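The values are calculated or read from the model by the stated rules, or taken from the named source; none is laboratory data. This one's a predicted model, so the numbers in the text were calculated from it and none came from an experiment. A quick note on method: Cβ atoms are made from the backbone with ideal geometry, for glycine too, and the neighbour counts reach across all protein chains shown. We work out accessible area using only protein heavy atoms, side chains counted, and drop any ligands, DNA or RNA first. Shrake-Rupley method; radii C 1.70, N 1.55, O 1.52, S 1.80 Å.
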Amino acid sequence: MSNIPTLQSLIAGRWIGAQAATPLHSAINGATVFHTHAEAIDFDEAVQFARRRGVPALMAMDFQQRAARLKAMAQYLMQHKEQLYAISQLTGATRADSWIDIEGGAGTLFAYASVGAGELPSGNVVHEGPAVPLGKQGGFAGTHILVPRGGVVVHINAFNFPIWGLLEKFAPSFLAGLPCIGKPATATSYLTEAAVRLLHNSGLLPEGSLQLVIGSTGDLLDRLGGQDMVTFTGSADTAAKLRVHPNLVRQSVPFNAEADSLNCAILGPDVKPEDPEFDLFVKEVVREMTTKAGQKCTAIRRAIVPHRQMDAVAAALRARLAKVVVGDPSVEGVRMGALASKAQQADVAERLALLAQECEVLFGAKDGFAPLGDGVAAGAFFAPTLLVVRSGSGTAVHDVEAFGPVSTLIGYADAGEAVALAARGKGSLVASLVTADPKVAAQVVPAIAAWHGRVHILDRDSAAESTGHGSPLPLLKHGGPGRAGGGEELGGVRAVKHFLQRAAVQGSPTMLAAVAGEYVRGAKVQEEAQHPFRKWFDDLAIGDSLLTHRRTVTEADIVGFGGISGDFFYMHFDELAAKQSAFGKRIAHGYFVLSAAAGLFVSPAEGPVLANYGLDTLRFVKPVGIGDTIRARLTCKRKIDKPARKDQPAQGVVAWDVQVTNQDGEIVASYDILTLVLKRPA
């Protein structure tokens, strides 16, 4: 009877798998550590469970509640992270490598919890306003809304980041109300299974919101329809095959790919060996070669340097690589672990052989490569390998990716050639430019941005805080054109919107406001004797409105405001100059109009409104002159319910639409004011 555990799939709310199938091996010593399961998965059951249980469970919550749930999941994973670190070592990862995967994954959940809390409304409809008038009388308008798709998303992930790879997709799709079926790469699926089991045991996952497939996807993709989605991270070849899957094409299933690519780092033509940027470049290349043993879709595969600096860069890279200690991550002092599997080791060796046909090996297995640790001879270790193209720029180096600790030096004559070499990668996830000259950055970055999803500029000023070439961040787009898959992930709220359905809506402003859950100008309002600022958050309704009394602007107002503010701009004080201007007269300060409007609509007594913490969309539309009479309309535009916090009374955010008009009914100022409003005491 074997004591080797059998992994299980989480399908339709139950764990499936007792019969051992494919053995999975430790990357450190080759020992069998897990088996996949032999039991077949009913993928129709999985998809139907997601639709019938997962969708209703997620739709019973709103954006704010799902954001709060993501935060709770992140906290739970962090409390149990050491369980994951212990398993992660089997993948060949060092503690630092595992930090990216485990705490980076939890950090992405935290980040999307903040995105949801700060940028998404209460409810399940996102209004992409403002509405635009479609008729002359103001009775017909149009706008856009984003709504949950009501389908399921299949997330297919690579082997290199078993936890982060799933969670960076799961977080925005969960926030969007889309249940997901995760399919990790088999070689390291035991780490994904451990993370999913933790989340399942936490009780924080709504029923059907997350399922896990260990092993083959079988006929899963054949079960999908037009409301469903597929995301993929992995090789460009596999992405190309999945993209044309007959059912995905027939059903127009959205498919998003993030593929491995031949990312580059360019040493600026201005940089000399004595400059700090020279050392930064060398450190960055070595870090990207050795972190995760080079198994990163963002790793630097091509180091593009001026011809005159080739020898100095090569010598510095060789010296730094010689200090890298490779071996079992549990051995003290080891900085680089193993590749994820023997199959990956063989694949990297095969691709290195192709590159070596036109490249010279500057540093590699013959330079004292001897991994530390017991049993490492049976592991999947690979020597950090630095190549150089001596004659011309080569061909294979722009086509062949060795997905391991392998990078190639390529020389260039001028900035134009550096840009051309970068573009020969045919589309990449990221490029770095290391330069101390803003003029070089201004020339190079716009040119290479057309071929890259992200551009990282590194210099002495940014180095201390830089997150590095190879680190995708939750708030910035991850993905790239061409070979890199043509897709987008992350990027803050953009990723959530990718998983929602956008629809144009036409109708009267009142109908648009009802659909969007947000006041639309021209919609009917509710005016009551009670001032809106006297209402608790719970009692406020979208469209609650106040039309203020009037105020006539005097010269004394302008002089007094100038004296208080120190703003003596000629348009307010120089009669002759103002007459010669486009306005033909002296006008009031825009910020006086803003202040006067507040004086008109604010209810000064203590009440539910705690604070004004900002203005959005402020525009001064028409000038206000001496003798003009203004008034304001204040309307409850949007409410965002906030989760209760121990250190604060229960409250929510209210956005108020403010229109300031003159005696002719013309809008002179327009903006949204944001306030914190107390909820009714229990």
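Phe369 meets all of the listed conditions (1) hydrophobic (A, V, I, L, M, F, W, C); (2) open to solvent by less than 50 Å² (accessible area, probe 1.4 Å); (3) farther than 19 Å from Gly268 by Cα; (4) not in a strand (DSSP E or B) but one, namely (2). Take the residues in the stretch 187-200 that are modelled with pLDDT of 95 or more and open to solvent by 30 Å² or more (accessible area, probe 1.4 Å); name whichever of them is farthest from Ala67 (Cα to Cα). The qualifying residue farthest from Ala67 (Cα to Cα) is Arg197. Within the stretch 149-165, the set of residues being open to solvent by less than 10 Å² (accessible area, probe 1.4 Å) and within 16 Å of Ala257 (Cβ to Cβ) comprises Val153, Val154, His155, Gly165.
Close Cβ contacts (under 6 Å, 6 or more residues apart or on different chains) running from residues in the stretch 243-267 that are within 20 Å of Met289 (Cα to Cα) to residues that are surrounded by fewer than 20 Cβ atoms within 10 Å (Cβ to Cβ) comprise Ala259/Ala236; Asp260/Ser235. Is it the case, given these coordinates, that Ser235 is touching a Leu at 6+ places or on another chain (Cβ under 8 Å), of a type in the set (Gly, Ala, Ser) and either free of Cβ contacts under 8 Å to residues at least 40 places away in the same chain or within 26 Å of Gly425 (Cβ to Cβ) (or both)? Taking the combined requirement at face value, the residue does not satisfy it. Return yes when Phe63 is open to solvent by less than 60 Å² (accessible area, probe 1.4 Å), within 25 Å of the chain's Cα centre (by Cα) and not aliphatic (A, V, I, L, M) and no when it is not. In short, yes. Return a yes/no flag: does the stretch 98-111 have any residue that is in contact (Cβ under 8 Å) with a residue 24 or more places away in the chain and in a loop (DSSP other than H, G, I, E, B). No, every residue in the stretch 98-111 fails to be in contact (Cβ under 8 Å) with a residue 24 or more places away in the chain and in a loop (DSSP other than H, G, I, E, B).
Filter the stretch 519-561 down to the residues that are small (Gly, Ala, Ser) and closer than 20 Å to Gly599 by Cβ, then identify the one that is surrounded by the fewest Cβ atoms within 10 Å (Cβ to Cβ). Restricting to residues being small (Gly, Ala, Ser) and closer than 20 Å to Gly599 by Cβ, the top hit is Ala556.
Restricting attention to the stretch 401-416, does a residue exist that is open to solvent by 30 Å² or more (accessible area, probe 1.4 Å) and farther than 30 Å from Glu274 by Cα? So far as the stretch 401-416 goes, no, none of its residues is open to solvent by 30 Å² or more (accessible area, probe 1.4 Å) and farther than 30 Å from Glu274 by Cα.
Does Pro254 qualify as being open to solvent by less than 10 Å² (accessible area, probe 1.4 Å) and within 21 Å of the chain's Cα centre (by Cα)? So Pro254 fails the test. Here Asn3 clears all of (1) out of contact with any Ser or Thr (no Cβ under 9 Å at 6 or more places or on another chain); (2) at pLDDT 95 or above; (3) not charged (D, E, K, R) except the condition numbered (2). Candidates in the stretch 383-397 are the residues that are in a loop (DSSP other than H, G, I, E, B) and in contact with a strand residue (DSSP E or B) (Cβ under 8 Å, 6 or more places away or on another chain); of these, the one that is most open to solvent (accessible area, probe 1.4 Å) is Arg390.
Tallying residues that are surrounded by fewer than 21 Cβ atoms within 10 Å (Cβ to Cβ) and over 29 Å from Gln65 (Cβ atoms) within the stretch 101-148 yields 10.
Let's see how each residue does on (1) of a type in the set (A, V, I, L, M); (2) over 30 Å from Lys292 (Cβ atoms); (3) part of a loop (DSSP other than H, G, I, E, B); (4) without any contact (Cβ under 8 Å) to a residue 24 or more places away in the chain:
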position: Pro23; (1), (2), (3), (4): no, no, no, yes
position: Gly30; (1), (2), (3), (4): no, no, yes, no
position: Thr36; (1), (2), (3), (4): no, no, no, no
position: Glu45; (1), (2), (3), (4): no, yes, no, no
position: Ala50; (1), (2), (3), (4): yes, yes, no, no
position: Gly54; (1), (2), (3), (4): no, yes, no, no
position: Ala57; (1), (2), (3), (4): yes, yes, no, no
position: Met61; (1), (2), (3), (4): yes, yes, yes, no
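Take the residues in the stretch 582-622 that are under 25 Å from Pro130 (Cβ atoms) and in a loop (DSSP other than H, G, I, E, B), then tell me which one is least open to solvent (accessible area, probe 1.4 Å). The extreme case among them is Val602.
The set of residues in the stretch 482-516 that are within 29 Å of His155 (Cβ to Cβ) and assigned to a loop (DSSP other than H, G, I, E, B) comprises Gly485, Gly486, Gly487, Glu488, Gly491, Gly492, Phe499. Apart from one condition, Ile145 fits all of (1) part of a helix (DSSP H, G or I); (2) over 26 Å from Ala74 (Cβ atoms); the exception is (1). Taken over the stretch 218-251, the criterion of being assigned to a helix (DSSP H, G or I), open to solvent by less than 20 Å² (accessible area, probe 1.4 Å) and in contact with an Asp or Glu (Cβ under 6 Å, 6 or more places away or on another chain) is satisfied by Asn247 alone. Would the stretch 342-361 turn up any residue that is open to solvent by 70 Å² or more (accessible area, probe 1.4 Å), β-branched (Val, Ile, Thr) and closer than 30 Å to Ser235 by Cα? Checking the stretch 342-361: at least one residue is open to solvent by 70 Å² or more (accessible area, probe 1.4 Å), β-branched (Val, Ile, Thr) and closer than 30 Å to Ser235 by Cα.
One residue is enough: does the stretch 500-507 have a residue meeting the conditions basic (Lys, Arg), in contact with a Lys or Arg (Cβ under 7 Å, 6 or more places away or on another chain) and modelled with pLDDT of 90 or more? No, that holds for no residue. Looking only at residues in the stretch 633-647 that are of a type in the set (D, E, K, R) and in a strand (DSSP E or B), the one that is farthest from Phe537 (Cα to Cα) is Arg633.
Beta carbons closer than 9 Å, at least 6 apart along the sequence or on distinct chains, pair a first residue in the stretch 113-126 that is in contact (Cβ under 8 Å) with a residue 12 or more places away in the chain and closer than 18 Å to Val654 by Cβ with a second that is small (Gly, Ala, Ser) and part of a loop (DSSP other than H, G, I, E, B) for Glu119/Gly492; Pro121/Gly517; Ser122/Gly517; Gly123/Gly517; Val125/Gly517. May I ask you to verify whether Phe174 is in a helix (DSSP H, G or I) and in contact with a His (Cβ under 7 Å, 6 or more places away or on another chain)? Judged against the criteria, Phe174 is not a match. Inside the stretch 447-481, can you point out the residues that are outside any loop (DSSP other than H, G, I, E, B), farther than 16 Å from Ile304 by Cβ and touching an Asp or Glu at 6+ places or on another chain (Cβ under 8 Å)? Matches in the stretch 447-481: Gly453, Lys477, His478. For the residues Val440, Val444, the requirement of being assigned to a helix (DSSP H, G or I), surrounded by 20 or more Cβ atoms within 10 Å (Cβ to Cβ) and more than 27 Å from the chain's Cα centre (by Cα) singles out Val440. Residues in the stretch 313-329 that are within 19 Å of Asp275 (Cα to Cα), open to solvent by 40 Å² or more (accessible area, probe 1.4 Å) and either in contact with a helix residue (DSSP H, G or I) (Cβ under 8 Å, 6 or more places away or on another chain) or outside any helix (DSSP H, G or I) (or both): 1 in all.
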